[in-house]
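Here is the structure we will look at, set down as structure tokens.
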Amino acid sequence: MSLTEKLMTTIARVMPDRAPDPMVGSERAVGRPLARIDGPLKVTGAARFAAEVVLEDMAFAAPVYSRIARGRIERVDAAIARGMPSVIDVMTFENCPRMGPPPSMMTDPNGIAMSTRTVMQNDEVHYDGQPVAVVIAETQDAADDAAGQVAITYATQPSTLSFESRLGEAKAPKEIHGQPPEVKTGDAEAALAKAAFRIDALYRTPRQFNAAIELHSTTAKWLEDGSVMLHDTQQSLLPTRYTLAKALGLSEDKVRILAPFVGGAFGNKGLSDHHLLCVAAARLTGRPVRLMLSREGVCRTTSGRTSTLQRVALGANADGTLAALIHTGAIPVAEPTSFMEPFSFAARCMVAAQSISVGQKYVELDVAPPGAMRAPGEATGTFALECAIDELAHEMRLDPIELRLRIEPEKEPVTGRPFSGRNLIEATRRGAERFRWSERSATPRSKRDGSWLIGHGVASATYPYLRMPASARIRMTSDGRVLVQTAAQEMGMGTATVQVQHAADRLGLTVDLVSFEYGDTSLPKCPLAGGSNQTASIVAAVTAASQALITDLLAHVPHDSPLAGCRAKDVQARDRGLWRIADPTRGATYVRLLESSGRDHVECEADAPAPLEMAKYSMHSYGAQFCEVRVHDVTGEVRVSRWLGSFDTGRILNARTAASQFRGGIVMGIGLALLEEALLDERTGRLMNPSLSEYHVPCHLDVPEIDVIWNDIPDPHAPLGLRGIGEIGITGVAAAIANAVFNATGKRIRDLPITLDKLLG
Ligand code: MOS
């Protein structure tokens, strides 16, 4: 446990719980399937995405990527490139403006880089695909063309590229995202050896690319006051500003980033090398510069998900309780400060066992630094854990749902913390009923439709609750409308829409009277859109700002007002105004309140209270994924034919955007299970399929109609009773599919993706 975490836990233990939110249960706009408020702008093309911003005198950049995995740059011959029409300059480590190391997510709580290595500051090459030169030209075509003409001579050094042959050197990190790398209770190996039933297997998941439709793009412009402005594709505005400022040696107020629209991100639209290269190119040329990565550039230089090798061993007692739970393994990373895919986290909260040994290690390779991809840790960890549970159920001749009932914990294993709201059993029961789980055959390979073998699978889903410090500003004008502002990110999830719904209810307004402004680092502080934290974080901040606004309005009422003498706790916000709780006939509309105080607007900014609930409670979202697959008996082709996701994620703020979040996660899970695999040539260190033609993501024909339901039970300790929903959808999906494939064929595939060759073997 880190020092901060220890402190938080101590404070949380002595702090009483916050009073429940009085709004829970009486919401009007919250919960409704409101269409996304940014939808019309996007479908009409009026929304201007980062790479569509045109600046006067703008130049275009194209990176050149290293073709060796490790070594030094001996010579750069850019003469031909420089001589090509429209080429302005070629930037290499020799003329790149000086920049310091960017603080990484692992070394600095505010940093967001995936590696602390400097960018283009020396002749070192650390991986195949590393940007080693940048051509800047008058047009994108000219830059791309000339990039192909930059000749680089390298002094190659021996590289380390094979993960599995280096497992003997695996090391435990100091900590993983603030948690200890290993947790243990009892002697799990001894308990496993004596258990009545035993499963002990290795599971593999591949390296993956984050495949958002919108390519990463940034356009940098230096201003006369020495500040720099970026039009960016960004899910992490303030951490990226901080990281850029540190690397550039500027104060944070000298960096401004705008990202009003983002076309998908899934975890890797924070800071990448191209941000630093673009800012440097703009400085070098004295021009605004756009650097939009090609799909190949995205695959090679922005972080994707690392591969994993996991061992899960379960030892069960005769009654189906667990005597031993072991979940260990390793991941390849670029260096010790790389992002660590926390695959061992799910096992720390999901199942009860008399002895537990959970932990993970890493191996350093000469590869691009890996990073975060939707539900980092839980997406891959639940594959191994939930397959093993299914394997144990089969071994014990128990229905896998029955086994899950027997291993359901009453409090968080290892830490003993109480759960804030865990209704996994309820979600599983409701899902089983709706999916008609009882009609499944327990015997593998016993259902068939012609040449197609039919199977059914289930797996639990889980993702942690996270809330981070945030502020919001609310401005109310004399017409009774409000503008809510915070430096939030909207990459298509419905951020703005749900915050409008929330602010409308909080202030007793209709949604048409509320606007939400975000996507700009100059707005009040907001955490990154990551770890599914954003909605809860902003809701807490908007709640605080609303309280401040109401307090301010009441402080300015004249003596003859029906609200004279009222304090915030005495009034209810409804019907576009404030009304006494004790006498609901007495109150005033906001228009009236502003008018009577002689002001044309009121503006209040407030911070959300510290997220102490996370220290006191074990807070996670849960779900149960059910699927049917059809596996062709001759070709081994797997088709997913039915899906139901049943979730327990606290209060749902918008039925439509939530369903889309769950479905989107499940679609990505289908990709993880069946299609996606970034292939690394272990001889050269080169990624062999950096394109969407050779790296397959699910398309419409790969995805059945996806049914989603949720408990909608408010979490008693989360703002508005909500837990994040952005990432849980992908978790449990790969296991549900692997379990269904086993049920269909009798073949247990523990190595993703489940391609037909593995089923034919
Ligand atoms: Mo998510 S991978 O934390 O953006």
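Take the residues in the range 607-640 that are modelled with pLDDT of 95 or more and among the basic types (Lys, Arg); name whichever of them is surrounded by the most Cβ atoms within 10 Å (Cβ to Cβ). Among residues in the range 607-640 that are modelled with pLDDT of 95 or more and among the basic types (Lys, Arg), the one surrounded by the most Cβ atoms within 10 Å (Cβ to Cβ) is Arg630. For the range 379-397, the candidate set comprises residues that are touching a strand residue (DSSP E or B) at 6+ places or on another chain (Cβ under 7 Å) and more than 24 Å from Pro753 (Cβ to Cβ); within that set, the residue that is least open to solvent (accessible area, probe 1.4 Å) is Met396. From the list Pro400, Pro464, the one residue that fits, being open to solvent by 10 Å² or more (accessible area, probe 1.4 Å) and either of a type in the set (Ser, Thr, Tyr) or more than 30 Å from Gly71 (Cα to Cα) (or both), is Pro464.
For the range 146-167, the set of residues classified as open to solvent by 20 Å² or more (accessible area, probe 1.4 Å) and in contact with a helix residue (DSSP H, G or I) (Cβ under 9 Å, 6 or more places away or on another chain) consists of Gly148, Gln149, Ala151, Thr160, listed by residue number. When Ala78, Ala61, Ala29, Ala51 are screened for being under 26 Å from Gly249 (Cα atoms) and surrounded by 15 or more Cβ atoms within 10 Å (Cβ to Cβ), only Ala61 passes. Applying the criterion of being of a type outside the set (A, V, I, L, M) and in a loop (DSSP other than H, G, I, E, B) to the residues of the range 641-681, the residue that is most open to solvent (accessible area, probe 1.4 Å) is Glu677. Within the range 375-416, the only residue that satisfies the criterion of being within 16 Å of the ligand (Cβ to nearest atom), at negative phi and in a loop (DSSP other than H, G, I, E, B) is Pro376. Can you confirm whether the range 682-696 contains a residue that is open to solvent by 10 Å² or more (accessible area, probe 1.4 Å) and part of a helix (DSSP H, G or I)? No, every residue in the range 682-696 fails to be open to solvent by 10 Å² or more (accessible area, probe 1.4 Å) and part of a helix (DSSP H, G or I). Every condition in (1) modelled with pLDDT of 95 or more; (2) acidic (Asp, Glu); (3) within 32 Å of the chain's Cα centre (by Cα) holds for Asp108 except the one numbered (1). Of all residues in the range 206-247, exactly one satisfies the criterion of being within 15 Å of the ligand (Cβ to nearest atom), among the small types (Gly, Ala, Ser) and open to solvent by 10 Å² or more (accessible area, probe 1.4 Å), namely Ala211. Taking residues in the range 682-705 that are in contact (Cβ under 8 Å) with a residue 24 or more places away in the chain, and partners anywhere that are acidic (Asp, Glu) and surrounded by fewer than 17 Cβ atoms within 10 Å (Cβ to Cβ), the pairs with Cβ atoms closer than 8 Å and at least 6 places apart or on different chains are Leu687/Asp681; Pro690/Glu296; Ser691/Glu296. Report the residue count in the range 86-105 for those that are assigned to a loop (DSSP other than H, G, I, E, B) and at pLDDT below 95. Going through the range 86-105 one residue at a time, the tally reaches 1. Would you please name the residue that is farthest from Met23 (Cα to Cα), looking only at residues in the range 574-605 that are under 37 Å from the mean Cα position of the chain (by Cα) and open to solvent by less than 20 Å² (accessible area, probe 1.4 Å)? Among them, the one singled out is Val602. Of the candidates Leu405, Leu424, Leu453, the single residue that is crowded, with 21+ Cβ neighbours inside 10 Å and under 30 Å from Glu182 (Cβ atoms) is Leu424. Screening Ala170 on (1) surrounded by fewer than 16 Cβ atoms within 10 Å (Cβ to Cβ); (2) farther than 24 Å from Ala62 by Cα shows it passes everything except condition (1). Comparison of Ile136, Ile213 shows that the only residue that is touching a residue at least 24 places away in the same chain (Cβ under 8 Å) and touching a helix residue (DSSP H, G or I) at 6+ places or on another chain (Cβ under 8 Å) is Ile136.
For Arg305, the test of being open to solvent by less than 10 Å² (accessible area, probe 1.4 Å) and of a type in the set (Lys, Arg) is passed. Regarding Ala658, is this residue within 24 Å of His502 (Cα to Cα) and of a type outside the set (S, T, N, Q)? Considered against the rule, which asks whether it is within 24 Å of His502 (Cα to Cα) and of a type outside the set (S, T, N, Q), Ala658 comes out as yes. Residues that are surrounded by fewer than 17 Cβ atoms within 10 Å (Cβ to Cβ) and under 37 Å from the mean Cα position of the chain (by Cα) were ranked within the range 81-100; the one that is farthest from Met58 (Cα to Cα) is Gly100. The conditions of being in contact (Cβ under 8 Å) with a residue 24 or more places away in the chain and either more than 16 Å from the ligand (Cβ to nearest atom) or over 11 Å from His216 (Cα atoms) (or both) are met by Leu277.
Applying the criterion of being within 28 Å of Pro109 (Cα to Cα) and among the basic types (Lys, Arg) to the residues of the range 173-205, the residue that is surrounded by the most Cβ atoms within 10 Å (Cβ to Cβ) is Lys184. The residues of the range 514-564 that are charged (D, E, K, R) and open to solvent by 30 Å² or more (accessible area, probe 1.4 Å), listed by number, are Glu517, Lys525, Asp552, Asp560.
Does Met350 satisfy being farther than 22 Å from Ser691 by Cβ, surrounded by 24 or more Cβ atoms within 10 Å (Cβ to Cβ) and more than 16 Å from the ligand (Cβ to nearest atom)? Criteria met by Met350.
Checking the structure you have, find out if any residue of the range 256-263 is within 16 Å of the ligand (Cβ to nearest atom), open to solvent by 10 Å² or more (accessible area, probe 1.4 Å), over 22 Å from Val87 (Cα atoms) and touching a residue at least 12 places away in the same chain (Cβ under 8 Å). The answer is yes, given that some residue of the range 256-263 is within 16 Å of the ligand (Cβ to nearest atom), open to solvent by 10 Å² or more (accessible area, probe 1.4 Å), over 22 Å from Val87 (Cα atoms) and touching a residue at least 12 places away in the same chain (Cβ under 8 Å). Taking residues in the range 309-338 that are closer than 18 Å to His177 by Cβ, and partners anywhere that are of a type in the set (D, E, K, R) and open to solvent by less than 10 Å² (accessible area, probe 1.4 Å), the pairs with Cβ atoms closer than 7 Å and at least 6 places apart or on different chains are Ile331/Glu341.
Let's see how each residue does on (1) among the polar types (S, T, N, Q); (2) surrounded by 20 or more Cβ atoms within 10 Å (Cβ to Cβ); (3) in contact (Cβ under 8 Å) with a residue 12 or more places away in the chain; (4) in contact with a strand residue (DSSP E or B) (Cβ under 8 Å, 6 or more places away or on another chain):
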residue: Phe435; (1), (2), (3), (4): no, yes, yes, yes
residue: Arg440; (1), (2), (3), (4): no, yes, yes, yes
residue: Ser460; (1), (2), (3), (4): yes, yes, yes, yes
residue: Gly492; (1), (2), (3), (4): no, yes, yes, no
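Kindly indicate whether Leu509 is surrounded by 22 or more Cβ atoms within 10 Å (Cβ to Cβ), more than 23 Å from Leu34 (Cα to Cα) and touching a residue at least 12 places away in the same chain (Cβ under 8 Å). Answer is no for this residue. Of everything listed in (1) open to solvent by less than 10 Å² (accessible area, probe 1.4 Å); (2) touching a Gly at 6+ places or on another chain (Cβ under 8 Å); (3) away from the ligand (no atom under 16 Å from the Cβ), the single unmet condition for Val363 is (2).
The values are calculated or read from the model by the stated rules, or taken from the named source; none is laboratory data. It should be emphasised that the depicted structure is a prediction, and the values quoted were computed from it without experimental measurement. Cβ sites come from the backbone with ideal geometry, for glycine too, and all protein chains shown count toward neighbours. All accessible areas refer to the heavy atoms of the entire protein, side chains included, with ligands and DNA or RNA removed. Shrake-Rupley method; radii C 1.70, N 1.55, O 1.52, S 1.80 Å.
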